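Derivation of every value follows stated rules applied to the coordinates shown; laboratory data play no part. Keep in mind that what you see is a predicted model, and the values were worked out from it rather than measured. Neighbour counts are summed over all protein chains in view; Cβ atoms, including those assigned to glycine, are modelled from backbone coordinates with ideal geometry.
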Amino acid sequence: MSLTIERIDLHHVRIPLVAPFRTSFGTSYDRETFLLRVVTDAAEGWAECAAEPDPLYSEEWLGGCEAVLREQLVPRALALGKRLTATRVATALEPVKGNPMAKHVLETALLDAELRAHGLSFGQYLGAVRETVPAGVSVGIMDSLPELVDAVRDYLDQGYVRIKLKIEPGWDLEPVRLVRETFGDDVLLQVDANTAYTLADARHLARLDDFDLLLIEQPLPEDDLRGHAELARVVRTPICLDESIRSARDAATAIALGACSVINVKPARVGGYLEARRIHDVAHANGVPVWCGGMLETGIGRGPNLALAALPGFVLPGDTSASSRYYRQDLTAPFELVDGHVAVPTGPGIGVDLLPDVLAEVTVSSSTIPV
Ligand code: SMG
Ligand code: MG
C-alpha cells in the first residue's frame, strides 16, 4: 500500500516540566516543540519534533526545523505523488544534507500513518522482542548536593533501574561519589557530559573509574571522534556516544576507531526510526550494546521510542522514563513505571493517541504546510 498526502499541520505546544532540567548546555523549564500531523488518503499520522528552541544540544532548532520542512522536505515528499511510503520519503530526503530532527518528524508521522493503514505497530515493524522495557532516568545538574541526593532517592523509590547523572566541569566527581556512597554499589549508575570536556580533561575523567560507572556519555565535542578514541585508552569506564552518532556509518566508524564501546540511539538525532534500526544492526553485529536515549518527549514521541528500545540489541536501560518524570499531564494516556519497566505500545502505528483537551490547553499556535 502507498499513500497520498492530503494535509500537513504543525501544532506548536509548550508544556511545563515537573521540575527544571539542567544540563551542561542549559536549563529547560518547559518543553517547547511542535507536533506534526499528516493526513493521508489511508490514515492519519502524528510525530513530535525533538528539537529545542535553541541550537545548544545540536545545531538544529525548532525554527530551523520548521523552515526546512516547509521549504525543502515537504516539497520533496510531495513530489513523490501517490507512491508514498516512509521508506521512499527517506530516500527522497537523502540529498538534503543534515537536518536529522526535521527529517525524523516528517518520516515518523508518515510511518505512523502507513503502519496504521496496515494495522501494524511500530514494535512489530521494527522487530521488538519485549513487551516491556527497563526504565532508567536522567537526573539534571542541581543547585546543591542534598537536592541531588533527594532527587535520586525519589527516583530509586519509584523503581527506576538505572540512574544517569548529568555532569559538567565542577559538577562531576563529588556528586558521583556522593550518589555511589549513599545508595551503594548495586545501583546502575552512569554520567552524561553533553560535550562539556576536552581531551585535556582525560586524567580528571579517569578519576570517575573509581565509581564503577556503566559508561561516560559524550564527554567530548561531537566532532571529536579521535579524542574519544584517545580518551578510551586513558579511562577504564566505557565511553558511550550520543551527539557524535548521526548515522549507521558514523556508528561503524566510531566502533572501528575505538571511539566508543556503547551507543545511545535517539531516532530524532539520526533522522528517524529507519536509520535508528540500522545503527542497532551495526552495533549488534559488532557486539556493541545500545540503549534508547530521550529528548524529554511527550507520549507522542515516547511511544515509538519504547518500541525501538524493545529490539534485541537494546541491552541497557534507556532514558525511557514514565510520563510523570516529565509532565504532570502528558499529551497521551500516561506511560507508567511498573516494577521498573514501561510497557511497549501494541496498537497500530505509534500506538498512542493524543488527548484533544490536553492538546488544546498546551497549544500556542497551529499552522498548515501547503500540500
Ligand atoms: O528524555 O529522559 C529524557 C531526557 C534524557 O538526558 C536526556 N537527554 O543528552 O541524552 C541527552 C539529553 C538531551 C536532552 S536535553 C533537553
Ligand atoms: Mg546524552
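Summary table
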| read-out | value |
| --- | --- |
| Of all residues making up region 44-93, the number that are under 21 Å from the mean Cα position of the chain (by Cα) and assigned to a loop (DSSP other than H, G, I, E, B) | 13 |
| Conditions (1) among the small types (G, A, S); (2) closer than 30 Å to A193 by Cβ; (3) in contact (Cβ under 8 Å) with a residue 40 or more places away in the chain; number of the one not met by G64 | (3) |
| Index of the failed condition, H12 passing every other in (1) free of Cβ contacts under 8 Å to residues at least 40 places away in the same chain; (2) buried (at least 17 other Cβ atoms within 10 Å of the Cβ) | (1) |
| Residue that is surrounded by the most Cβ atoms within 10 Å (Cβ to Cβ) [pool: residues in region 50-66 that are of a type outside the set (G, A, S) and in contact with an Asp or Glu (Cβ under 6 Å, 6 or more places away or on another chain)] | W61 |
| In region 235-257, the residues that are more than 16 Å from ligand 2 (Cβ to nearest atom) and either under 15 Å from V290 (Cα atoms) or without any contact (Cβ under 8 Å) to a residue 24 or more places away in the chain (or both) | S247, A248, R249, A252, I255, A256 |
| Candidate set: region 314-337, residues that are over 16 Å from E131 (Cβ atoms), among the polar types (S, T, N, Q) and outside any helix (DSSP H, G or I); chosen: the one farthest from ligand 1 (Cβ to nearest atom) | Q329 |
